[in-house]
Amino acid sequence: MTESMLSLVGVGKNFKEVEALTHVDLEITSGQVIGLVGGNGAGKTTLLRLMAGVMEPTKGSVLFKGERVSSMRSKLGVVPESTGLYSRLTAWENIRYHSRIYGIDDQVAWNRVSHFAKQLDLTESLSRHTKGFSRGMRQKTALLRALAHGPDILLLDEPTAGLDVTSARTVRKLVGQLRDEGGTVIYSTHHLAEAEQVCDRIVIVHNGTIRADGSPQELLDLTHKDTLEEAYVALTSDKARLRTEDDTKESKLAKWWRIFLTGKTPDSEGVEEDE
């Protein structure tokens, strides 16, 4: 029997008069890759922030194994769309800095990072400063950083956005391996084809609500459609709302996660934002 990892019960989130999420119920179990799929303004980023514990719900509860997720952030690994690496540090120094925040011994972190770095073809670059890294190399470094402390759940926000075909394929392959090893991954993406390829279960988010939750085949059966694209259109046929104030002013999970862990803002000296 799979273990319940993360529970969202009756969750709602308001930003002033805007209701970003409305009565969200989700149960995340171990050993799955769960895709969050939705357009801009759908509520995916807000949902990820709640899952990461960097934001509290206006209504309902977000629990990690029965405890408030905000008090269990050491059990989570987060890879935001904007990696926020410190450009003056090497890849390994960036990773070590974050693993020390979690109280992880350097040797333990190194052993874990070395294991995954081989699969990401990044071993020889760990000693290089990240200032000259390509987008793909930055994304791989951020993934290693999130894995260094051995999280129970990995949250990925558009992990392959802007990557070349080879790098994107490598990231997807590693996600599959993590699942096969019993890991739990929450995979936010705009791309249905990628979600179908990577995810065991797809959660469609639209206008702040969960429109569907199931395997790709279950979504096809639910809508009586032949493709996931047709199923998605049928489930989100109402007009998408305008982007909320939260989406436009605070659009990066990276900013929230960095502030939550270190108290540093995205403009802190030495932090390199993705192009």
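Please treat every number below as a calculation from the coordinates, not as lab data. All of these numbers come straight from a predicted model, not from anything done at the bench. Every residue, glycine as well, gets a Cβ built from its backbone with ideal geometry; the counts of neighbours run over all protein chains shown.
I want the local charge near S99. Using Cβ-Cβ distances under 10 Å, sum +1 for each Lys or Arg and -1 for each Asp or Glu among the other residues. Kindly include the intermediate steps, with their values, before the conclusion.
Working: positive: R96, R100, R112, R145; negative: D105, D106.
Once all neighbours under 10 Å are counted, the net charge is +2.
Pairs of Cα atoms under 8 Å, at least six residues apart: use those to get the relative contact order of segment 1-99, whole percent.
Taking the mean separation of contacting Cα pairs over the length of segment 1-99, I get 27 percent.
Can you grab the distance from the C-alpha centre of segment 1-20 to the C-alpha centre of segment 88-133, Å, no decimals?
32 Å
Could you run the Karplus curve 6.51 cos²θ - 1.76 cosθ + 1.60 with θ = phi - 60° over segment 173-184 and give me ³J(HN,Hα) per residue in whole Hz, x for Gly and Pro?
So the Karplus estimates, Gly and Pro as x, are 5, 5, 4, x, 5, 4, 5, 4, 8, x, x, 10 Hz.
So what's the back-of-envelope 222 nm ellipticity for the chain, counting only DSSP H runs of four-plus at -39500 (n - 2.57) apiece and dividing by all residues, rounded to 500? Please list the in-between numbers first.
On the way: 10 runs with 101 residues, N = 275.
Value at 222 nm, helices only: -11000 deg cm²/dmol.
Would you grab the residues whose amide H sits under 5 Å from the one on L89? Only those 5+ places off in sequence or on another chain, please, with H modelled 1.01 Å from N.
Long-range HN contacts for L89: T130.
Quick one: V108, V69, V171, V79, fewest Cβ neighbours within 10 Å first, how do they rank?
V108, V171, V69, V79
Amide H neighbours of A212 under 5 Å, counting only residues 5+ apart in sequence or on other chains, H built in-plane at 1.01 Å?
Placed amide hydrogens put I204 under 5 Å from A212.
Read phi for every residue in segment 34-44 and hand back ³J(HN,Hα) as whole Hz from Karplus 6.51 cos²θ - 1.76 cosθ + 1.60, θ = phi - 60°, with x for Gly and Pro.
The phi angles translate into 9, x, 9, 10, x, x, 4, x, 5, x, 4 Hz.
Cut-off is 10 Å between beta-carbons; in what order do E230, E19 appear when sorted fewest neighbours first?
Placing the least packed residue first, the sequence is E230, E19.
With the cut-off at 27 Å, tell me which of the pairs K44/K140; K75/K140; K13/K173; K13/K65; K13/K75; K44/K65 have Cα atoms farther apart than that.
On the way: K44/K140 22 Å; K75/K140 20 Å; K13/K173 34 Å; K13/K65 21 Å; K13/K75 23 Å; K44/K65 22 Å.
Pairs exceeding the cut-off: K13/K173.
Using a Gaussian network for the chain with springs between C-alpha atoms less than 10 Å apart, which of these wobbles most: T141, T170, T189?
Fluctuation is largest for T170.
Return the percentage of antiparallel bridges among DSSP beta bridges fully within the chain, rounded to the nearest 5 %.
If I count the DSSP bridges inside the chain, around 55 percent turn out antiparallel.
Kirkwood Rh, Cα Rg: Rg to Rh for segment 27-183?
Result for segment 27-183 is an Rg/Rh of 0.95.
In µm²/s, what is D for segment 151-223 at 10 °C and 1.306 mPa s, where D = kT/(6 pi eta Rh) by Stokes-Einstein and Rh is the Kirkwood radius from Cα pairs? Don't skip to the end; give the middle numbers.
Details: Rh = 13.2 Å.
Answer, rounded: 120 µm²/s.
Whole-Hz Karplus ³J(HN,Hα) for segment 151-160, in order, using 6.51 cos²θ - 1.76 cosθ + 1.60 and θ = phi - 60°, x for Gly and Pro?
x, 7, 10, 10, 9, 10, 9, 6, x, 10
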